Amino acid sequence: MAPTHRYLLGEAEQRAVMESQARQKDAQAVNRFTRHEVKNGLLAGIELCDCLKSSLNQARLSESGANLKLPEVDGTSTTESSLSKPPFGLFNKRIDEMDWVLHEILDTVMAEAMARDVIHGVYRPKLERLNVMHTLETSVIDGGSSNRFKVVNNSDENSFFLLDSQLLKYIHRNAVSNACKYGQEGGLVTTSVSFDRETQEFLLQVSNLPGPSHDELVSMGPEATEGVFKQGRRLHAELQMGKPIVSSGDGAWIMNKCAKTLKGECSISFSSDHTTFTFRCPSKEFTELDDTLRPWGKPSNFTVPEGTWAIAVDDSLIQRKLLGKLFENAGVPKDHCLLLGKTSQEIRGFGGTVKRLLNEDPECKMLILMDENLDMTENGRDVLLSGSRALHEMLLELDPSEERRILALIRSANDSGEDVEVYTNRSHGFFPKTPMKRDRVREMLSLLWIRRFHNDTEDASTMTEQEEILRKDVAKALFLCSSLISDGVTISRWPKICNALWDLKTKLEHDLLSRRVHSMAELIGGMQKSGVPGNFDVKWKLIRETVDDAVLKNW
């Protein structure tokens, strides 16, 4: 029987939908790859600027300044001896300009990528202790130097709040851009920041002087204030302003979506003598001196404890140089820094290096920063290794006492919410792959370090006592499970067995136990009370042997 026209039409529609989905997935993959490569390239350019500036400063300090050593690239360096008196001031100025341009391009790439994720509802805010005044003053072109742009702090001079820097910069940049487009030409644009301690609400306002068609906007009343944030709506274009405006009409709509991502909102008001854009959201205020930072006074004074080893794993020479500086800013001496990744042997063997250092110095702490995408050449073939997966496998092999001494972090240019969740599940956290000054490095590390080692102040005997109690609890739970399972695993007995297994699971999730043991808790977590899982005998044998070896052995 020949297929009907309706059947053929249905098949054609199904193929069209599948092809459309395939194209969307390909486009997403291409965008993801492009963003990753562009971001890495910009970071490399920024680091080269830094290296060049350092070399120029070193040359300036030399007596003659005749031998100008340029930064190493791919292991080589050059000397420029023909310049008897190099114009160092001009060189530094041009390098600063190039560095600024690269930072601007990087910010634009990251902002557009974030905006796309916000529109599709997949962006997860990266809340951090943010210096808001510094962020706002540097987020606008000429914001720090031009008299046209003013940033005022109305929050008792405190400017540290719990916010997402990318979302805040995107909202602020667009608000200032709109003020320049639609406000008085060359007029003053004022940004003010305040914080309501009673409601724990952060407030950002951007005000500008009236521009063309301002009277018509005022006369429109609520229709104007609501219409600004509608998708595709351009009120000023509708009012036929005297100057040409390039706008898609979606900027304010995206800003409002950014605000909602932070559980906040945007609004705008048109009065006779000015226009005020307002962004508000719940937040938390930080003082310069945080109780958790008492040993250092403030985040910018943070350094890792003496004797800490720092290990970086990255296939890029420039990134390894950058990580060496990062470790130096964190207070790690050069003889305690290892920069690995030049060869596939260094990358594959980093786990052995970690184990050796931990064994040689039983009291040391260790900081590991590992790139997610490691490109290697093995047997003449290009190989891509997942750093987070390799790090996770290494951590699984360590004893709990060894892992407790490590802070292992993943760095990657791919930093979407989904990506970061994968990294944090496989390691101890995520460290942003962005250019950072010394104070910013110390602030980021201080938060991650304190979160990881907050129990280090406890007395060692207390820790030993906790371990003893935990081992007893695990032994009892394991014995109960073994007894119930040995009597037979049937459908009728399964609910009781499953309850015992889940009790064991809660004990195996304790922070004092290793990731290897935690993986057994995850294995139990996949078992449902509705029925005996497939290959249960094999799974139970693995759980029992792992717990016995990692927790109860030699006890």
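Compute the FRET efficiency between Thr108 and His134 as 1/(1 + (r/R0)^6), taking r as their Cβ-Cβ distance and R0 = 25 Å, and round to the nearest 0.05.
So, using R0 = 25 Å, E works out to roughly 0.80.
With each pseudo-label sitting 7 Å past Cα toward Cβ, what's the Gln528-Lys325 distance in nm, one decimal?
It works out to 5.4 nm between the two label points.
Sort segment 393-452 into rounded, prolate or oblate with this rule: let a ≥ b ≥ c be the square roots of the eigenvalues of the Cα gyration tensor; rounded if a/c is under 1.5, and if a/c is not under 1.5, prolate when a/b is larger than b/c, oblate otherwise.
Cα axes put segment 393-452 in the oblate bin.
Go ahead and collect, in residue order, the members of segment 468-483 whose backbone nitrogen is under 15 Å from a label point 7 Å along the Cα-Cβ direction of Phe536.
481-483
Fully extended, how many nm does the chain gain between Thr424 and Leu552 (0.36 nm per residue separation, minus their Cα-Cα distance)?
So the chain would gain 43.3 nm between Thr424 and Leu552.
Within segment 160-207, what whole-number % of the accessible surface is contributed by carbon and sulfur, with the 1.4 Å probe and all protein chains included in the calculation?
44
Between Asn379 and Asp96, with labels modelled 7 Å along Cα→Cβ, what's the label distance in nm to one decimal, could you check?
5.4
Using 0.36 nm per residue, how much length does the chain from Ser401 to Asp439 gain when fully extended, once their Cα-Cα distance is taken away?
Stretched out fully, the Ser401 to Asp439 stretch lengthens by 10.6 nm.
Express in nm, to one decimal, how much length is gained between Glu545 and Gln345 on full extension, taking 0.36 nm for each residue of separation and deducting their alpha carbon distance.
68.8 nm is the gain from fully extending Glu545 to Gln345.
Among 380-389, 50-59, 187-196, 427-436, how do they line up by average Cβ neighbours within 10 Å per residue, starting with the highest?
The densest-packed peptide leads the list: 427-436, 187-196, 50-59, 380-389.
Tell me, what is the FRET efficiency for Asn359 and Ser486 to the nearest 0.05, using R0 = 35 angstrom and their Cβ-Cβ distance as r?
0.35
So how exposed is Thr108, as accessible area in Å² (1.4 Å probe, rounded to 10)?
Around 70 Å² of this residue is reachable by solvent.
Heavy atoms only, 1.4 Å probe, whole protein assembly: order Ile491, Ile254 by accessible area, highest first.
Heavy-atom accessible area, descending, gives Ile491, Ile254.
Once you put a point 7 Å from the Cα of Ser219 and another 7 Å from the Cα of Asn154, both along the Cβ direction, what distance in nm separates them?
About 3.0 nm, to one decimal.
Calculated FRET efficiency, Asp273 and Asp511, Cβ-Cβ r, R0 60 Å, to nearest 0.05?
0.55
The values are calculated or read from the model by the stated rules, or taken from the named source; none is laboratory data. What you see is a predicted model, and the numbers here were worked out from it, not measured in a lab. Glycine gets a Cβ as well: all are built from the backbone with ideal geometry, and neighbour counts include every protein chain shown. All accessible areas refer to the heavy atoms of the entire protein, side chains included, with ligands and DNA or RNA removed. Shrake-Rupley method; radii C 1.70, N 1.55, O 1.52, S 1.80 Å.
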